[in-house]
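Beneath this line is the structure, given in structure tokens, with notes to follow.
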């Protein structure tokens, strides 16, 4: 079967877009075919005489071209690795592998077609009435139903190439590049506005492209003017997919090389909706047979692609589009044997078939005509989606038999073209031009002075369904019979009807189905279409790939300046929030031992760090921390805990007094941004009169904790302008000085690990240098770098809790075992009322140290403590301590169990129960802190 | 007119009516609103309808009207992504949701309506050690209550979801997941219709397009409601609304600690089945499942600010797509077909508010956030019992309104927020 | 994507901001009863209509602002900067 140089191509058409000299080879269901450059998949198939292009989803009925546009539900194909390609829109490419979806084993002999024979039993919603018992078989039934699911295949492997998104900020966005859209764009641009014109087809022109010679000339002239205008940017094969709050608009650019499509996010001052009209199918028996086509499908096939869609045609029409289709068919040599015009009283009863395709038509006057092509022109649907998304409520124009914009249009949204009315080319252009001016005025001045000429739909017969039952939703296989039965059964509002029958839930999302569905329901209820209403129009207007929506990922990874050193020295990374940092360097237990006996350094740069400056900083500290800060001397450092107004612990850290009006605060790494916002919130909304400025210096300083008995000796080698002795620089103090020649470093003595330690904060640019210098000088001491895991073990040995691990979303201050820190005699501070009440009632879990009785058992964190069948607590932190050579834990337990010596049963994940003993202190190692204070 | 069981649905029935062409009777009657009822339930979603059903079935209370300003199941019950599970964090939450899942398992047979519960298996992914610890916490709490939950590693996840990227290459590599085999999906509309039909068969009246305009009280007791179709007197009025809970409660003079945020969802075009499990990622704020029609259904977190608009946003689908492709990078050519939105009533502790209020006879079953649909059956059963016996059933005692003032919050924050 | 008119920066996409919630008057922490305090913590008006709320320009000027927004249309009819514009001046 050839078809190359037009075995089914008619005579040359003045508007044809195919290049008869350039052929393309492609396969369809494994068979080779030829098409022309400019063809769509469907025009090429039709030119090759392929009449049956797919099978319907539910009943597996044979289907051919119906509406012949992007939305045609019969024209979905798998193309290479892409499912659900719209074959009547997608251009043919060399080597394309095209196949039908959801047929087995093939399009010709599809076993699913047995559904067709059972259709009287398998009405819409039949599955709700069956497969009920036996219950345990539902998964099996489910697998059977899934085999009939529509749609193509999606690949299991492969990454997508990220499609970059971009922004646009035009004054006026025109959705639709037909005559009205082009006219509006030109006049808005002439009035001085920047215009973005978006058209879903490959070229501007709208319905003019498949029109008469005059219409083609108008299209060409407009195209040239648009192309020449400096203030108009045109996108073709692009679609306005959604309109959101305040004219935030999504535009999808399709057909891009490498990436399939990409997203443009537009904030436009004004939006003009000019989408034209979508031709609506007519409901009658046989309306889904291959060979039944809408008039615009025929006009496209003939006038754009010079394809003969059949040999012997009958036309049923209610408007001039059917007449135009008849003329076009004759021009390419198709025998048009009868034209029946509803305006003259003609009526279409049914289409009949032979061997699964159209063979004839019956009319209401009793005549029967043989044919292989039935052209139907029953009317138009206004695609009002953009208006609905703008908050407009379109109204149904009874005389015109379609919806028009409602009176409540947002004043930054405009409509023109078929959405608003019908007319001569001049009238269409005039209305478009006026609306373009209006949109420009509104964008520039905030108000509109131009008045648009009167423009409304021509009268049209209400041709929705005939006297026989036919398919209403082609993709979901829902017939008017199904709709009526469902309505009579009580699913009689439009939303219930949609959900029960699934009508309008297919890939066209109602564009071809909703009006007929509503018309059928209205007739069942004895209501008008306006009274019945439609389902909700939702974005996106056309489906958008996940790839285009996702774009490129912008989740930055934060590293300290020393990260490269870690990775090249055996550091194994852990993802810690936004940061990547070393968990260990090969042996965390060994790191612990080395630190406790010698010295080690850990990179703690992710620690949240703020500089607080002003005369009222101590007031802020008193407000946000549970303890007291007014008397913190210059040079001193204090641990603090922050609670929320509900008394729940949400962060902790140490804060030091650098100088008269400067403090240095640290927070947890993951809490930093939240604490910053918290502090600013209270300053700005609660105490704007306070003199406090906060600077987030988390990234400005590289932070290193030098820990171990020899930490002072090591640091002394690098510091000469600060006396590091215990007398001059005691525990819980800070100093500022020069480290390894780097001035302006803060050092403080705190004790997360429980060893003598100095935490240094070095201007970040010198972080790596200071780190390497420490490692170099520390070699004599057998220094080790240590990571997060070693730090976790050591802090647990010291009984230091971690907010968010040993506390949770309901753990209030007095639960954490630091009662001494909470100063209820302070003036109002955040959390005080609830903490007072917690203190009085003694309520809430308690954090305690727990040692498993078997020192080798290390219970999994989150193991539950269950007594009398109820949960009385859980293990929050658990490790094997290399220092003590036994397991150690922290846990939250009910107050009754929080007594030293209590034995609690711990339920391990595998179900076994082990015993643990509640300890007196959280710390298992040096709980008096002698090592810290040395 | 009162019958007890609806006309039976069955394959045989389909066959017979297919042959004869005889139509099925209405799913629920279309009747006039009376002037008085024993109970008026506001909201014809799964909570309101199941409450009505269990009132009639378990307690013989049939003089009940369920009123809704729109159509049956038009609110959250018709907009959710229909995920069922019981792998919650708090013991009281676990007990409650598990009772609901258990009722769901037998619902099709009980209601004689195929609700299509498919126990596909539910995975909650953990992308950092904190999340993994929370998964372990949930698993252990679940096990104590006899619920099938366990923490599994990346290899086992890959076996369940071959399309998942479990490598180290992703921005937030998957460390493990909470695997809950009994969790799955259901056809939400069918549940709503099934309850409505069965309740109607027992005499309960369902009144659509009936908007409550006011609630009448006298001397601290509720006396009835005012609607756009007339006034109705009733000694018991139950607020089973979602999204409108505070607006309705305000009518009775009852303040609720609820804020309303939109929650969006989206669906793709259908493709051949490739995802059998329900996949949730708390860190990435996304959940996804594949329906029998072949469509992927997604959701994420609630919109970040309080609103009553059910308009969709673009940033929702952008973020969602980004996170889904992090999990399953090969599906980038799938297309989003439709997005929609509903309203969520959020409470301070992510647990519902059920039971008595300070107005006698005015009961609430509200505050269902993003987890209301899965709770439908158990809520209805418990609320029916509460309304019929005037005593709070133990299974919902932790969800009382008084807990906020008394400082007894039930914190499900870890499990509920973007858990679905 | 609603536009929030930041008093410092002009109209910016809402994704640059963090929503802080409906404004509620804080009772005197020293004298509030449990009921009053927990009312403050947990009860909001949650109106369908105009509401007064706080936003934080977290990805911008880092200032807090109070806005009047309509919870159905998302129209913002006013925004007001709060005090403390930073530093000793």
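The values are calculated or read from the model by the stated rules, or taken from the named source; none is laboratory data. All values derive from a computational prediction rather than experimental measurement. Heads up, the Cβs are rebuilt from the backbone with ideal geometry, glycines too, and the neighbour counts pull from every protein chain shown.
For the range A:306-316, filtering for residues that are assigned to a strand (DSSP E or B) and out of contact with any helix residue (DSSP H, G or I) (no Cβ under 6 Å at 6 or more places or on another chain) leaves 3. The single condition among (1) modelled with pLDDT of 95 or more; (2) surrounded by fewer than 21 Cβ atoms within 10 Å (Cβ to Cβ) that residue A:259 does not satisfy is (1).
Pairing residues of the range B:282-299 that are on the phi > 0 side of the Ramachandran plot with residues that are buried (at least 23 other Cβ atoms within 10 Å of the Cβ) and part of a loop (DSSP other than H, G, I, E, B), at Cβ distances under 8 Å and at least 6 apart in sequence or on separate chains, gives B:294/A:150; B:294/A:151; B:294/B:270. Residue-level check: of (1) touching a residue at least 60 places away in the same chain (Cβ under 8 Å); (2) within 14 Å of chain B (Cβ to nearest Cβ); (3) more than 30 Å from residue A:562 (Cα to Cα), residue A:788 misses just (3).
Here the condition is being more than 10 Å from chain A (Cβ to nearest Cβ), at positive phi, in contact with a strand residue (DSSP E or B) (Cβ under 9 Å, 6 or more places away or on another chain) and modelled with pLDDT of 95 or more; of B:224, B:230, it holds for B:224 alone.
The range A:501-578 holds helices (runs of 4 or more DSSP H) entirely within its bounds, and those carrying 2 or more residues that are more than 22 Å from residue B:313 (Cβ to Cβ) map to A:514-525, A:529-532, A:563-568.
Any residue that is closer than 17 Å to residue B:308 by Cα, surrounded by 17 or more Cβ atoms within 10 Å (Cβ to Cβ) and facing another protein chain (nearest Cβ under 9 Å) - is there at least one of those in the range C:25-37? Checking the range C:25-37: not a single residue is closer than 17 Å to residue B:308 by Cα, surrounded by 17 or more Cβ atoms within 10 Å (Cβ to Cβ) and facing another protein chain (nearest Cβ under 9 Å). Checking residue A:159 against (1) in a loop (DSSP other than H, G, I, E, B); (2) at pLDDT 80 or above; (3) within 14 Å of chain B (Cβ to nearest Cβ); (4) surrounded by fewer than 21 Cβ atoms within 10 Å (Cβ to Cβ), only one condition comes out false. Which one? The one condition residue A:159 does not meet is (2).
I'd like to check something: does the range A:546-554 contain any residue that is without any contact (Cβ under 8 Å) to a residue 24 or more places away in the chain, surrounded by fewer than 24 Cβ atoms within 10 Å (Cβ to Cβ) and either under 23 Å from residue B:321 (Cβ atoms) or within 28 Å of the chain's Cα centre (by Cα) (or both)? Checking the range A:546-554: at least one residue is without any contact (Cβ under 8 Å) to a residue 24 or more places away in the chain, surrounded by fewer than 24 Cβ atoms within 10 Å (Cβ to Cβ) and either under 23 Å from residue B:321 (Cβ atoms) or within 28 Å of the chain's Cα centre (by Cα) (or both). Which count do you get for residues in the range A:871-906 that are farther than 23 Å from residue A:838 by Cα, touching a helix residue (DSSP H, G or I) at 6+ places or on another chain (Cβ under 7 Å) and in a strand (DSSP E or B)? Looking only at that region, the number is 5.
Considering each residue of the range B:152-168 in turn, none proves to be in contact (Cβ under 8 Å) with a residue 40 or more places away in the chain and within 25 Å of the chain's Cα centre (by Cα).
Taking the criterion of being modelled with pLDDT of 95 or more and within 20 Å of residue A:922 (Cβ to Cβ), the residues of the range A:824-844 that qualify are A:835, A:838, A:839. Has the range A:207-218 got at least one residue that is part of a loop (DSSP other than H, G, I, E, B) and surrounded by fewer than 24 Cβ atoms within 10 Å (Cβ to Cβ)? Yes, because at least one residue in the range A:207-218 is part of a loop (DSSP other than H, G, I, E, B) and surrounded by fewer than 24 Cβ atoms within 10 Å (Cβ to Cβ). The listed residues are B:322, B:342, and the only one of them that is surrounded by fewer than 24 Cβ atoms within 10 Å (Cβ to Cβ) and not in a helix (DSSP H, G or I) turns out to be B:342.
Are there any helices (runs of 4 or more DSSP H) wholly within the range B:97-186 with 1 or more residues that are surrounded by 21 or more Cβ atoms within 10 Å (Cβ to Cβ) and at the interface with chain A (Cβ under 8 Å from one of its Cβ atoms), and if so which? Those helices (runs of 4 or more DSSP H) span B:107-111, B:129-144.
Here is the figure for the range B:290-319: residues that are closer than 17 Å to residue B:335 by Cβ and more than 11 Å from every other protein chain (Cβ to nearest Cβ) total 1. Being closer than 14 Å to residue B:47 by Cβ, touching a residue at least 60 places away in the same chain (Cβ under 8 Å) and assigned to a helix (DSSP H, G or I) is not true of residue B:93. Candidates are the residues of the range C:42-58 that are within 13 Å of chain B (Cβ to nearest Cβ) and under 14 Å from residue C:4 (Cα atoms); the one that is surrounded by the fewest Cβ atoms within 10 Å (Cβ to Cβ) is C:52. Scan the range A:647-660 and tell me whether some residue there is closer than 30 Å to residue B:409 by Cβ, touching a strand residue (DSSP E or B) at 6+ places or on another chain (Cβ under 7 Å), in contact (Cβ under 8 Å) with a residue 12 or more places away in the chain and part of a loop (DSSP other than H, G, I, E, B). Checked against the condition, which is being closer than 30 Å to residue B:409 by Cβ, touching a strand residue (DSSP E or B) at 6+ places or on another chain (Cβ under 7 Å), in contact (Cβ under 8 Å) with a residue 12 or more places away in the chain and part of a loop (DSSP other than H, G, I, E, B), the range A:647-660 yields at least one hit. Using the structure shown, decide if residue C:20 is surrounded by fewer than 17 Cβ atoms within 10 Å (Cβ to Cβ) and either on the phi < 0 side of the Ramachandran plot or away from chain A (no Cβ under 12 Å) (or both). It is false that residue C:20 is surrounded by fewer than 17 Cβ atoms within 10 Å (Cβ to Cβ) and either on the phi < 0 side of the Ramachandran plot or away from chain A (no Cβ under 12 Å) (or both). Scanning the range A:833-848 for residues that are out of contact with any strand residue (DSSP E or B) (no Cβ under 7 Å at 6 or more places or on another chain) and buried (at least 22 other Cβ atoms within 10 Å of the Cβ) yields a count of 1. Residues in the range A:555-586 that are touching a helix residue (DSSP H, G or I) at 6+ places or on another chain (Cβ under 8 Å), within 14 Å of another protein chain (Cβ to nearest Cβ) and surrounded by fewer than 20 Cβ atoms within 10 Å (Cβ to Cβ): A:573, A:574, A:576, A:580, A:583. Only one entry of B:57, B:5 meets the criterion of being in contact (Cβ under 8 Å) with a residue 60 or more places away in the chain, within 14 Å of chain A (Cβ to nearest Cβ), farther than 21 Å from residue B:228 by Cα and in contact with a helix residue (DSSP H, G or I) (Cβ under 9 Å, 6 or more places away or on another chain), and that entry is B:5. Pairs linking a residue in the range A:6-35 that is exposed (fewer than 13 other Cβ atoms within 10 Å of the Cβ) to a residue that is part of a loop (DSSP other than H, G, I, E, B), with Cβ atoms under 6 Å and 6 or more positions apart or on different chains, are A:11/A:332; A:19/A:38. Candidates in the range B:325-335 are the residues that are part of a helix (DSSP H, G or I) and touching a residue at least 60 places away in the same chain (Cβ under 8 Å); of these, the one that is farthest from the other protein chains (Cβ to nearest Cβ) is B:327.
Among the residues making up the range A:123-146, a single one is more than 8 Å from every other protein chain (Cβ to nearest Cβ), touching a residue at least 12 places away in the same chain (Cβ under 8 Å) and either exposed (fewer than 15 other Cβ atoms within 10 Å of the Cβ) or closer than 23 Å to residue A:76 by Cβ (or both): A:124. In the condition set (1) in contact (Cβ under 8 Å) with a residue 40 or more places away in the chain; (2) closer than 30 Å to residue A:785 by Cα; (3) touching a helix residue (DSSP H, G or I) at 6+ places or on another chain (Cβ under 8 Å); (4) not in a helix (DSSP H, G or I), residue A:589 is compliant with all but (4).
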